Amino acid sequence: QLVESGGGLVQAGDSLRLSCVASERSFSGYAMAWFRQAPGKEREFVATISWSGGSTYYADSVKGRFTISRDNAKNSVYLQMNSLKPEDTAVYYCAADRSPYGSGRYPTTDFGSWGQGTQVTVSS
């Protein structure tokens, strides 16, 4: 139901914008999130945004470099990634809160409805 796109191979310092579109149902009333998983590592939280877009939360590792946003009219959520580093290399997934009208605060929010992921590779 969630389809990510926008990944690719870039150099350190470059930018990418990831998109996530809900294909079969509306997620406009649900908090959304981006997670990532690097090879051999656990999946980790990157950023979340409340159902209204009024609140956002970021992992310390991406704070100040990444920006999460949403367009409920387009049923989409985005992740603008600037100043990319090799350690940002991972498969990036979007996910939706299982319950509506949440703040998206992590880790208290229960995210489900995962997408298939999009690969981001940052070369040094």
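Here are the numbers:
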| quantity | calculated |
| --- | --- |
| Cleavage-rule hits, trypsin sites (Lys or Arg not before Pro), the range 1-107, DSSP coil, Cβ neighbours within 10 Å at most 13 | 25, 41, 63, 98, 105 |
| Percent of Cα-Cα distances greater than 13 Å, calculated over the range 64-124 | 72 |
| Residue (of 1, 93, 68) at the positive-pole extreme of the chain, dipole from beta-carbon charges | 68 |
| Built amide H within the under 5 Å cut-off of residue 115, gap 5+ | 94 |
| Debye log10 I(q)/I(0) at q = 0.20, 0.24, 0.27, 0.28 Å⁻¹ for the range 1-53, Cα point scatterers | -0.93, -1.15, -1.22, -1.24 |
| Average silhouette area of the chain, convex hull of alpha-carbon atoms, in square nanometres | 6.7 |
| Loop-located chymotrypsin sites (Phe, Trp or Tyr not before Pro) in the range 28-124, at most 16 other Cβ atoms within 10 Å (DSSP) | 101, 114 |
| Of all accessible heavy-atom area on the chain, the percent that carbon and sulfur account for (1.4 Å) | 45 |
| Cα convex hull of the range 41-99, projected area averaged across orientations, nm² | 4.8 |
| Rel. contact order, % - alpha carbon contacts under 8 angstrom, at least six apart, the chain | 37 |
| Label-point separation, residue 87 to residue 99 (7 Å along Cα→Cβ), nm | 3.4 |
| Sparse-neighbourhood loop sites, GluC sites (Glu not before Pro) in the range 8-58 - DSSP loop, at most 15 other Cβ within 10 angstrom | 24, 42 |
| Net dipole in debye of the chain [+1 Lys, Arg Cβ; -1 Asp, Glu Cβ; about Cα centre; nearest 20] | 140 |
| Residues listed by number, the range 72-103, amide nitrogen under 15 Å from residue 116 label point at 7 Å toward C-beta | 92-94 |
| Whole-Å distance, taken between Cα centres, linking the range 45-63 and the range 75-124 | 9 |
| The range 71-105 residues near the modelled residue 55 label - backbone nitrogen below 13 Å, point 7 Å along Cα→Cβ | 101-105 |
| Solvent-accessible area per residue for the chain (1.4 angstrom probe, square angstrom) | 50 |
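The values are calculated or read from the model by the stated rules, or taken from the named source; none is laboratory data. Note that the coordinates shown come from a computational prediction; the quantities given were computed from them, not determined experimentally. With ideal geometry, Cβ positions are generated from the backbone for all residues, glycine too; neighbour counts draw on all protein chains shown. What goes into the accessible areas is simple: the full protein's heavy atoms, side chains included, and nothing from ligands, DNA or RNA. Shrake-Rupley method; radii C 1.70, N 1.55, O 1.52, S 1.80 Å.
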